[in-house]
Structures are given as C-alpha cells and as structure tokens.
Amino acid sequence: MSSRLLGALLFLSVALAPRIARADASIAVIDMQGAVMQTEDGIRAQATLKKLFDRHQLELDAKQTQLSKARGDIEKQSRILSREALSRRMEAWQKEMVQLQTVFVDYEKELQKKQTELTAPIIQRIVAIVTRIAKDKGYDIVIDKQAAPYARPDLDLTDRVIQEYNSKSSDEKKN
C-alpha cells in the first residue's frame, strides 16, 4: 500500500477521532488493496506490471544461467589454471555477480515506481468514491480492512466501491 494512501487514511482517522469517541460513531471498512486490484484499471495495471516483470525476469534468468555456466567452467579449469589466472577469473565472475545483483535491485525499484505510477490515480478515485459513500451513508470513518481484526460483512464497502469505480470508468469511455 502506498504511503500516500496510508497518509490519507491516517488523516481521516485523526480528523474524525473526536466523532469516533462517541458511542454512536458509524464505521465501515474497505479492502483498499483488493479494491485497487479488482477495478478494470487495476487489472490493466497488473497486466502491464506482469509484462514488465516477465521481460526483466527473462533477462535476469539468462544472465544467471550464463554466470552459472561460467562458474562451472571455472571450477572445471581450476586444476589446469594457475592460481593467478584462477583468481582473475573468479574476480571477474564475482564482479559480474555483483552487477547482476545491482540490475536486480534496479529492476525492483523500476517495478515499484511503475506500480505507484499506475495505481496512484486508481487510489485517488477510490478514495473519492469512499468519501462520497461515507458522506451519503453517514459513516464517521472508513478504515482499511487490514487494520481491523474483525468487521461485520455488511460494513464492507469494497464490492460497492469496485462496482461504482468500474461503472464510472464505463461511463467515461462512452462520453
């Protein structure tokens, strides 16, 4: 979950804390991560991320296979090569391993950045829908379902939010 979303949820809980202290406070829950991933835009975002991940994974697998083969070659030649030659080859192999690890970390950062880029607008729209529903239904607070050890199923807004999100997306495409 993004820090932006957590900040928004924290803001809502702090801003509404005085009302929640009342015995008659009205609370609902939403599975934010699930809602994001189940919207049509979220499904498209997941597909985009999967393509990017798969492409990177193929590159990493190929390089790892190459390095594994090189390591095997070095081990086979360890009896034949001089200590200096063996040491140089091992150093070169280790440098390539470090480079591979660096590429892996860079790919992870790229995926995280892309995920944030793709999901931030979805989260904003979901928060707007949740805010509207909360105002319409008189909820004092809506919390992420993951933060609640238990919530009655009738307090869960997730399906409704997904439906409204997707129906608004359909309406926007028609116009």
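Computed from the coordinates by the stated procedures, all read-outs in this text should not be read as laboratory data. Nothing here was measured: the structure is a model prediction, and the numbers come from that model. Methodologically, a virtual Cβ is constructed for each residue, glycine included, from the backbone with ideal geometry; neighbour enumeration extends over all protein chains shown.
From the set of residues in segment 135-146 that are assigned to a helix (DSSP H, G or I) and touching a helix residue (DSSP H, G or I) at 6+ places or on another chain (Cβ under 8 Å), which is surrounded by the fewest Cβ atoms within 10 Å (Cβ to Cβ)?
First pass over segment 135-146, keeping only residues assigned to a helix (DSSP H, G or I): 135-137, 145-146.
Now restrict to residues that are touching a helix residue (DSSP H, G or I) at 6+ places or on another chain (Cβ under 8 Å): 145-146.
Numbers: LYS145: 20, GLN146: 13.
Among residues in segment 135-146 that are assigned to a helix (DSSP H, G or I) and touching a helix residue (DSSP H, G or I) at 6+ places or on another chain (Cβ under 8 Å), the one surrounded by the fewest Cβ atoms within 10 Å (Cβ to Cβ) is GLN146.
Of all residues in segment 21-43, those satisfying the criterion of being in a helix (DSSP H, G or I) and in contact (Cβ under 8 Å) with a residue 12 or more places away in the chain are MET32, GLN33, GLY34, ALA35, VAL36, GLN38, GLU40, ASP41, GLY42.
Looking at segment 134-146, is at least one residue without any contact (Cβ under 8 Å) to a residue 40 or more places away in the chain and either farther than 28 Å from LYS51 by Cβ or among the aromatic types (Phe, Trp, Tyr) (or both)? Walk me through it before giving the result.
To start, the set of residues in segment 134-146 that are without any contact (Cβ under 8 Å) to a residue 40 or more places away in the chain comprises 135-136.
Cutting the leftovers down to either farther than 28 Å from LYS51 by Cβ or among the aromatic types (Phe, Trp, Tyr) (or both) gives us 135-136.
Looking through segment 134-146, at least one residue is without any contact (Cβ under 8 Å) to a residue 40 or more places away in the chain and either farther than 28 Å from LYS51 by Cβ or among the aromatic types (Phe, Trp, Tyr) (or both).
Determine if segment 48-58 includes at least one residue that is closer than 18 Å to VAL98 by Cα and touching a residue at least 24 places away in the same chain (Cβ under 8 Å). For segment 48-58, residues closer than 18 Å to VAL98 by Cα and touching a residue at least 24 places away in the same chain (Cβ under 8 Å): present.
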